[in-house]
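Engineer: Pasting a structure here, questions to come.
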Amino acid sequence: MSLLERFGRRHLHDRQFARIWTTGGGHPHLEQCAACRVRFDDFDRWAVELGEQMRDEADAAFTPDRLAVQQAHIAHRLETLDRPTRVIAFPKAARAVISGHSHVRRWVTVAAAASLIAGFGLGQVVDLKRTLDRDGSAAAPRHFTTATTAQRANAIRPVSTSYNDEEFLMDAEAIGPRVKELRALDDLTPRARDLIARK
Amino acid sequence: MSGTSAASAAVREADATAASAVKAFQAAGRHAEARERYAELVSRHQRRASRIAYHYLRDAADTDEAVQDAFVKAYAHLPSFREELPFEVWFTRILINGCLDRIKARTRRERWLVPMGGRGGHGAGDGAQPQSDPSERMASGGPSPEDALLTRERRREIATALAKLPERQRAVFVLSHVEGCTSREVSALTGLNESTVRVHLFRAIRKLRTLLGGEAAPAAEEQRAKGKRRVTS
């Protein structure tokens, strides 16, 4: 037997089966060798079954009901596609709540204005109080902290720039000496108002 | 075979008529009628589209969305559809491109996700269907739990093997072997040369045969037989 004949008689491999199966043609060895023909039939059956199994798997996942739902979804999406797009105004919700009822709107407006005024007034009062507290604590010595507001007002006397010496002396005379022993000396002292009158 | 090609020719003609009608209705602004006529195309190609997308995405919910998107996109772009090309081919291209985009997006997304313990995630090997209640299955006269388990296991194996194929080989295999398209049709669908399609198909089937364990090499068989003989003698 020649080498060529021996080579020709060798059994076919799966690789060759795949080639034969893909091209759809035949092979001379298959006609001669019954064992290879059986193996090729087996290969062909395997390939056909593989395709069937894959189809079955997909069909099991996509039942007629599921396909009907899918079709409905497609129809809905196509409908949306054909419908012209709508522009939604922004923002609308806050206005829509009030616009329907005029009395509601009025009350809301009044309440807002009242709150504003009350807030402003309260802010002023709180501010004033804070200022007074600060001024009071700065002017009064520590031992006067328990005195009333009136006493504190008296204690704080404004300094007038037009307060001259004559006025000061007249005030001092009006009060008179506070110590009894000095009263005689005070009587000897000429009065400021007499001097002014003489002028 | 001639019966099949006659049927597919009839389908193509019906598709062309329906597509022309939809285009005309769209141009005339008669949208309700266009949608009604388009539903005919949807029902004709829906199952096939779902099968193709399912073998790409391996997830029923994702497939649903991909098929919906493809039909909506095809409807929106129907005015630009050239009628010398079959609607089926044009639509399948839209579908496959959509599936590939989804796979890319999923890959990007999964890159940032920490894998969870029990769930394998989408894609490779996730061919398992949601398990229904066994008692329900028995009552409805369905397959036995063993059969169901074997089927599920086999599907998982096929899905894993299919996921290991390069993208083009997978596409060619699914279209030609699962959907029964000819090399010429696959060539039109994928844009590949006919001989390239055959090469991809050959490689895909060879690899699947190896991966799914069906291969029985003659040399190995001979070796085994020789060994047996040696032991018995």
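Nothing in this text is a laboratory measurement; each read-out follows from the coordinates by a stated rule. Computed from a predicted structure; not experimentally measured. Quick reminder, even Gly has a Cβ in these numbers, built from the backbone with ideal geometry, and neighbours come from all protein chains shown.
Engineer: For an R0 of 60 angstrom, estimate the FRET efficiency from the Cβ-Cβ distance between residue B:101 and residue A:109 and round to the nearest 0.05.
Structural biologist: 0.60
Engineer: Something else now. Taking the Cα centre of the range B:1-96 as origin and charging only Cβ (+1 Lys, Arg; -1 Asp, Glu), how large is the dipole, in debye to the nearest 20?
Structural biologist: With only Lys, Arg, Asp and Glu charged at Cβ, the dipole is about 100 debye.
Engineer: Could you calculate the contour length gain from residue A:179 to residue A:167, that is, 0.36 nm times the residue separation minus the distance between their Cα atoms, to one decimal place in nm?
Structural biologist: Using 0.36 nm per residue and subtracting the Cα-Cα distance, I get 2.1 nm.
Engineer: Label 7 Å along Cα→Cβ of residue B:24; the range B:59-78 residues with amide nitrogen under 18 Å?
Structural biologist: Of the residues in the range B:59-78, B:78 have backbone N under 18 Å from the label point off residue B:24.
Engineer: Among A:22, A:12, A:76, flag the residue with its Cα farthest along the positive direction of the charge dipole of the range A:3-80, charges on Cβ as +1 for Lys/Arg and -1 for Asp/Glu.
Structural biologist: A:12
Engineer: Taking a ≥ b ≥ c as the square roots of the Cα gyration tensor eigenvalues, with a/c under 1.5 meaning rounded and otherwise prolate when a/b beats b/c, else oblate, which class fits the range B:144-216?
Structural biologist: Taking the square roots of the gyration eigenvalues as a ≥ b ≥ c, the range B:144-216 is prolate.
Engineer: Determine, from the Cβ-Cβ distance of residue A:128 and residue A:196 and an R0 of 45 Å, the FRET efficiency 1/(1 + (r/R0)^6), rounded to the nearest 0.05.
Structural biologist: 0.55
Engineer: Still on this structure: Before anything else, pin down the relative contact order of the range B:144-216: Cα pairs under 8 Å, at least 6 apart, normalised by residue count, whole percent.
Structural biologist: 33
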